[in-house]
Amino acid sequence: MVRSTILTSALGLLSVVSLGAAAPLDTRADAATTVKVMPFGASIIEITCWRAYLWKKLQDSGIHNIDFVGSHGTPAAGCTLNGQAVSFDKDNEGHSGAKVTDYANHDALPAWLSAAKPDMIIMHVGTNDAAANISTAKVFSAYDKLVRQMRAANPRTALVASKLIPIDPERFGRAVADRINDYNYAMEGWVKRTTTAQSPIVLVDLHAGFDYKTMTREGEHPNEKGDVFMAGKLFPAVKDQLVKLSVQKLMGKQR
Ligand SMILES: *[C@@H]1O[C@H](CO)[C@@H](O)[C@H](O)[C@H]1NC(C)=O
């Protein structure tokens, strides 16, 4: 394609999306425009099926130029929705039991970033820090370090940061549930302070509307209903960033 055609299709893509037109957005999968997306966090990333449902929603809306990336593919058993198997790209960087403060203290992220080269990171991490009574200040200096590492690996990293889903205070303690609320409150200001034009951070509130009584398996990890909720909440923000990154790739700005 000549340059002007590339730009025209890029702008066409933008207008289709920004006008919310009914025509499906059909981005073709090829090496030049594939957007690599790393789901990053702990067990709520590793062992759950919201990634499958998000993948399906993206495919169903005509977005095919995506590659979920990370050092392993889980859950091993796959995912079903209403009893039907859902095929999806299982790659992710969720590690059960991990704390965001451990990731920062152990410098775990740079090697994963250089192996997987994500354009976008979907992050839900901090529940295990809350369970371990880690202070909000420590958690947010860890987030700061991780963002610096993301931007060092790719200055145009798009980060979809999420508020933590709630936990059952009767099973896990009121103090842990309250600490999750404290982190979530602090995250609003942190996103505003930390986002940049070049490397946007968008906040998705996975806490509001998430009912731990009906949407978790055991008060902590989402069940099918919770996974559907998470995918639905994440979808608009992920799609929006995917479109922007696709346009940057079409225009040759992204690597
Ligand atoms: C949590 O940490 C705070 C501050 O360090 C401390 O005052 C509090 O006793 C701790 N709570 C638990 C349950 O360990």
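The values are calculated or read from the model by the stated rules, or taken from the named source; none is laboratory data. Every value quoted in this text rests on a predicted model; they were computed, and no experiment measured them. Neighbour counts are summed over all protein chains in view; Cβ atoms, including those assigned to glycine, are modelled from backbone coordinates with ideal geometry.
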### Summary
Over the range 129-169, the set of residues away from the ligand (no atom under 16 Å from the Cβ) and farther than 30 Å from Gln248 by Cβ is Ile165, Pro166, Asp168
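Hey, among the residues in the range 217-255 that are surrounded by fewer than 16 Cβ atoms within 10 Å (Cβ to Cβ) and at pLDDT below 95, which one's nearest to Ala52 (Cα to Cα)? Spell out the reasoning first.
The first filter runs over the range 217-255 and keeps only residues surrounded by fewer than 16 Cβ atoms within 10 Å (Cβ to Cβ), leaving 217-219, 223, 225, 232, 236, 251-253, 255.
From what's left, at pLDDT below 95: 251-253, 255.
Details: Met251: 30, Gly252: 30, Lys253: 29, Arg255: 27 Å.
Ranking the qualifying residues of the range 217-255, first place goes to Arg255.
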### Message
Restricting to the range 139-160, name every residue that is crowded, with 21+ Cβ neighbours inside 10 Å, among the hydroxyl-bearing types (Ser, Thr, Tyr) and in a helix (DSSP H, G or I).
### Response
Tyr143
### Query
Which one of Asp67, Asp89, Asp30 is outside any helix (DSSP H, G or I), modelled with pLDDT under 95 and among the acidic types (Asp, Glu)?
Asp30
#### Entry: Pairs with Cβ under 8 Å, 6+ apart, first in the range 58-78 and closer than 18 Å to Gly41 by Cβ and touching a residue at least 24 places away in the same chain (Cβ under 8 Å), second in a loop (DSSP other than H, G, I, E, B) and not basic (Lys, Arg)
Phe68/Phe88; Phe68/Asp89; Val69/Pro118; Thr74/Ile47; Pro75/Ile47; Pro75/Thr48; Pro75/Cys49
### Message
Exactly one condition in (1) of a type outside the set (D, E, K, R); (2) away from the ligand (no atom under 16 Å from the Cβ); (3) surrounded by fewer than 20 Cβ atoms within 10 Å (Cβ to Cβ) is false for Gly173; which is it?
### Response
(2)
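Every residue, every condition in (1) closer than 30 Å to Gly78 by Cα; (2) hydrophobic (A, V, I, L, M, F, W, C), yes or no:
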{"position": "Thr157", "(1), (2)": "yes, no"}
{"position": "Leu164", "(1), (2)": "yes, yes"}
{"position": "Arg171", "(1), (2)": "yes, no"}
{"position": "Arg174", "(1), (2)": "no, no"}
{"position": "Arg179", "(1), (2)": "no, no"}
{"position": "Val191", "(1), (2)": "no, yes"}
{"position": "Ala197", "(1), (2)": "no, yes"}
{"position": "Glu218", "(1), (2)": "yes, no"}
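Take Asn181 and tell me if it is on the phi < 0 side of the Ramachandran plot and within 16 Å of the ligand (Cβ to nearest atom).
Working: on the phi < 0 side of the Ramachandran plot: yes; within 16 Å of the ligand (Cβ to nearest atom): yes.
Yes.
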### Query
Can you name the number of the only condition in (1) in contact (Cβ under 8 Å) with a residue 24 or more places away in the chain; (2) hydroxyl-bearing (Ser, Thr, Tyr); (3) part of a helix (DSSP H, G or I) that Tyr185 fails?
(1)
### Message
Of everything in the range 102-144, what is more than 21 Å from Ile44 (Cβ to Cβ) and either under 19 Å from the mean Cα position of the chain (by Cα) or of a type in the set (Asp, Glu) (or both)? Give them in sequence order.
### Response
Asp107, Pro110, Ala111, Ser114, Ala115, Lys117, Asp119, Asp144
### Search result, residues across the range 198-255 that are β-branched (Val, Ile, Thr) and touching a residue at least 60 places away in the same chain (Cβ under 8 Å)
Val228, Val238, Val243, Val247
